[in-house]
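Structure, as C-alpha cells:
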Amino acid sequence: MEVTVELVKKLRAETGVGIMDCKEALNKADGNYDKAKQILRTEGKEFLARQTREAKEGQVGAYIHHSGKVGVLVELASNTDFAANSKDFQTFLKDVAMQIAASKPRWVRPEDVPEEVLQEEREVLRQQAEKEGKPPAIAEKIVEGRLQKFFEENCLLKQEYIKDQSLKVEDILGELGAKLGESIGVRRFVRYEIGEE
C-alpha cells in the first residue's frame, strides 16, 4: 500500500506523534494504517499524543522591566514537570513574559476575545470600509482581513515574536512542544503598568 501525505497527516492527527515518526511507522507497516499505529505504540511514541493528555503541569514566570513601571506574570502549561524544568521551557517562559511586557496583548488567543468586543470591532471596521466606498461584498472581506490584523495586535499567540519577527508566538510555541514532545500552552497572563487601570 502506498504511503500518502493524507495517510501520514491522518496518523499524526490521531496519535499526536511527529510527522517523520508517523511516516516511518507507515513505511515499516507497508502503508497499513492499523499496523502503523501498533508500531507507534510498541515504540512508546503514542503516549506523547497531545489529544489524550491534558497539560496540567507547568510554571509561572515573571518579568519586571528595569524601569520598574511594567510587570508581567504568565502561566505556561506542560504535561510534565520534566518539560517545565527544561532549559528550553524556562527560556521560552522568560521570552514570552518579555513579549507580553513589550507588545501589550489583551488576550492569549482569538477565541478568548469577548463576543461583544468582536461585534464592536466588526461594526467599526464595517463603517470604515463603507466610508471608503466599498461595495457590501468587498466590505465584508475587508472587515475579515482587518479583523485578522486586530488579532495579530491584541492576541499573544498571533503576535510577531519579538526575537524573530518572521515568526509568530504560536510558531515558537509549536516548535517548543515538538522539541519537548509535549503539549505546551500559555494558559493565562496578567500585565501591570504604572498608571494603567
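The values are calculated or read from the model by the stated rules, or taken from the named source; none is laboratory data. What you see is a predicted model; the values in this text were computed from it and never measured. Positions of Cβ are generated from backbone atoms using ideal geometry, with glycine treated the same way; all protein chains shown enter the neighbour counts.
Results, tabulated for the structure shown:
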| quantity | calculated |
| --- | --- |
| Complete set of residues in segment 152-182 that are exposed (fewer than 14 other Cβ atoms within 10 Å of the Cβ) and hydroxyl-bearing (S, T, Y) | S166 |
| Among (1) under 22 Å from E152 (Cβ atoms); (2) assigned to a helix (DSSP H, G or I); (3) aliphatic (A, V, I, L, M) - the single one L76 does not satisfy | (2) |
| Residue among G18, G44 that is at pLDDT below 90 and closer than 24 Å to E170 by Cβ | G18 |
| Helices (runs of 4 or more DSSP H) within segment 115-180 that include 3 or more residues farther than 22 Å from S103 by Cβ and not assigned by TED's automatic domain parsing to the domain that holds S78 | 115-131, 136-154 |
| Of residues in segment 64-100 being more than 15 Å from V186 (Cα to Cα) and aliphatic (A, V, I, L, M), the one surrounded by the fewest Cβ atoms within 10 Å (Cβ to Cβ) | I64 |
| Hits in segment 47-63 (condition: among the aliphatic types (A, V, I, L, M), at pLDDT below 90 and under 19 Å from F189 (Cα atoms)) | A55 |
| Residue among G133, G145 that alone is of a type outside the set (S, T, N, Q) and on the phi > 0 side of the Ramachandran plot | G133 |
| Residues of segment 1-45 satisfying the condition of being assigned to a loop (DSSP other than H, G, I, E, B), among the small types (G, A, S) and either within 25 Å of L180 (Cβ to Cβ) or in the same structural domain as G177 (by TED's automatic domain parsing) (or both) | G16, G18, G44 |
